[in-house]
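One structure is given here, and the rest of the page talks about it.
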Amino acid sequence: SSPVKVFGHATSTNVARVLLCLEEVGAEYELVPVDFLAGEHNTPEHVQRNPFGKIPAFQDGDLVLFESRAIARYILRKYRTPGSPDLLGENGGAEEAAMVDVWTEVEAQQYHPAISPVVFECIIFPVMRGAKTDQKVVDESLERLRLVLGTYEERLSKSRYLAGDSFSFADLNHFPFTFYFMATPYAALLDEYPRVKAWWEDLMARPSVKRVCANMPTKFCF
Amino acid sequence: MAEPAAAASTRKLYGYELSSNSVRIAALLNEKGLDYELVVVDDTKSPEFLAINPLGQVPAFQDGDDILFESRAISRYIAAKYRSTGTDLLPATPSAKLEVWLEVESHHFYPAVADLVYELRVRPRLPGGAPPDPAVVDALARKVADVLDIYDAHLAAGNRYLAGDAFTLADVNHMAQLFAMSRTPRAGELVAARPHVQAWWDEISARPAWKKTVAALPLPPA
């Protein structure tokens, strides 16, 4: 069967989420660029794949999907091999899958809103729009992030990974924005939460993460 | 929302009736005909409640010894664990389309609709709350309109419900916020103006389980 297609670019956080899953299960894929500067995300061809005009979009044969976490779950279910880990916890029963889902949602609804504004203000807006960092937004976000990291530190004192003893989709979902956060001037914040820092370093050591990192910049010009 | 039970239920929903994410879970439990005890949480930052959900938000859900938080994780858990009780809200095999529309609710529908409902209905009723700001309301309504255009096109493309022919978890996850929006002055231009969205809402809101959920809500004046 032909490789699946991921529409977007490797530096995009939500594309990276999908690529990580593909690397975890060892599935072959083709990355098809979408030229934002040329407005390609608004063309009928792309909107047909992703009606919100965003990346990633995904194609596997006749199946076209959007929403990175939905694409990720599809990949982890369909392309899982006996050798790849049960990242969704679905073989462990309702309770194990539930813990993965809880901490996947915590990333989306609590962690992401706290950490992403720092990444947007320090990297994305300056690079893409030449905008100046809004320090007030950064400071408020860091305050929120401290509260969230406090709960993570507590959680990781009871549990090796967020959802339990095994690495899961929940841990993986933290990679994209945290990677870029570590390229902002505020990376040292993680040093205040030693279990979180250790958990992050463990995540960064995964072969799938190293392969995806290789295409994501850590230095930016603006 | 409280279900009179012959014996105390092993299921506890921590929340309150005006929390739409608590209503999300009540609606689901009613669809499945599952009894539960509603534990009204007055102070989400109390030590007692933080022991249940360290993120300090409602709803939380206790099922025997298992404690879950994040409403979309709770809803996945209930739908999977109790799939053979009441309405089965999951397809026989995992559906990528279902996953997509679960994520669309989370990242596109909910943020847009919740913000509009907040400005129209919640913020003005807070202590010291001023009336809705027309310019803010218009901007928020435009965002909702853009999202609902995509829903209308999706439902028009041979989808009776969001995941296809069958009523699923994806539909249930929308109902609390759709209901809140249907009671605002913008419902006409947003929902009624989109015939497929209106027809879908008419159908799902006519379900007996939903009517039971609404009947138990202490509704403020429309």
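Worth pointing out:
- Some residue of region A:162-172 being open to solvent by less than 10 Å² (accessible area, probe 1.4 Å) and of a type in the set (G, A, S): yes
- Just so you know, in region A:68-118 the residues that are basic (K, R) and surrounded by fewer than 24 Cβ atoms within 10 Å (Cβ to Cβ) include one that is farthest from the other protein chains (Cβ to nearest Cβ), and it is A:R80.
- The set of residues in region B:21-55 being surrounded by fewer than 22 Cβ atoms within 10 Å (Cβ to Cβ), within 25 Å of B:A206 (Cα to Cα) and small (G, A, S) consists of B:G33 alone.
- Any pair with Cβ under 8 angstrom, 6 or more apart, that starts in region B:174-200 at a residue that is among the aromatic types (F, W, Y) and ends at one that is outside any helix (DSSP H, G or I) and open to solvent by 40 Å² or more (accessible area, probe 1.4 Å): B:W200/B:R160
- Qualifying residue in region A:26-45 (condition: within 14 Å of another protein chain (Cβ to nearest Cβ) and β-branched (V, I, T)): no
- Within region A:187-212, residues that are under 12 Å from A:D171 (Cβ atoms) and touching a residue at least 24 places away in the same chain (Cβ under 8 Å) sit with their Cβ atoms under 6 Å from residues that are of a type in the set (A, V, I, L, M) and open to solvent by 10 Å² or more (accessible area, probe 1.4 Å), at 6+ positions apart or across chains, in these pairs: A:W199/A:L156.
- Unmet criterion (only one of (1) away from chain A (no Cβ under 14 Å); (2) touching a helix residue (DSSP H, G or I) at 6+ places or on another chain (Cβ under 7 Å); (3) not small (G, A, S)) for B:L162: (1)
- One residue from B:A135, B:A141 being farther than 25 Å from B:R207 by Cα and open to solvent by less than 50 Å² (accessible area, probe 1.4 Å): B:A141
- Residues that are open to solvent by 30 Å² or more (accessible area, probe 1.4 Å) and either facing chain A (nearest Cβ under 9 Å) or under 19 Å from the mean Cα position of the chain (by Cα) (or both) within region B:84-100 comprise B:G86, B:T87, B:D88, B:L90, B:P94, B:K97, listed in sequence order.
- Taken together, the residues in region A:124-172 that are polar (S, T, N, Q), within 14 Å of chain B (Cβ to nearest Cβ) and in a helix (DSSP H, G or I) amount to 1.
- B:L169 being outside the structural domain of B:Y36 (by the TED database), buried (at least 19 other Cβ atoms within 10 Å of the Cβ) and hydrophobic (A, V, I, L, M, F, W, C): yes
- Test for B:E119: is it part of a helix (DSSP H, G or I) and either within 12 Å of chain A (Cβ to nearest Cβ) or open to solvent by 20 Å² or more (accessible area, probe 1.4 Å) (or both): no
- For B:R125, the stated conditions hold: it is more than 12 Å from chain A (Cβ to nearest Cβ), among the basic types (K, R) and open to solvent by 40 Å² or more (accessible area, probe 1.4 Å).
- Looking across region A:136-174, the residues that are closer than 28 Å to A:Y74 by Cα and of a type in the set (S, T, Y) come down to A:Y152, A:S159, A:Y161, A:S166, A:S168.
- The residues of region B:56-80 that are within 8 Å of another protein chain (Cβ to nearest Cβ) and surrounded by fewer than 18 Cβ atoms within 10 Å (Cβ to Cβ), listed by number, are B:D66, B:A80.
The values are calculated or read from the model by the stated rules, or taken from the named source; none is laboratory data. The shown structure was predicted, so the numbers you read here are calculated from the model rather than taken from an experiment. Glycine also receives a Cβ, built like all others from the backbone with ideal geometry; neighbour counts cover every protein chain displayed. For the accessible areas, the whole protein counts, side chains as well, though only heavy atoms, and no ligand, DNA or RNA atoms are used. Shrake-Rupley method; radii C 1.70, N 1.55, O 1.52, S 1.80 Å.
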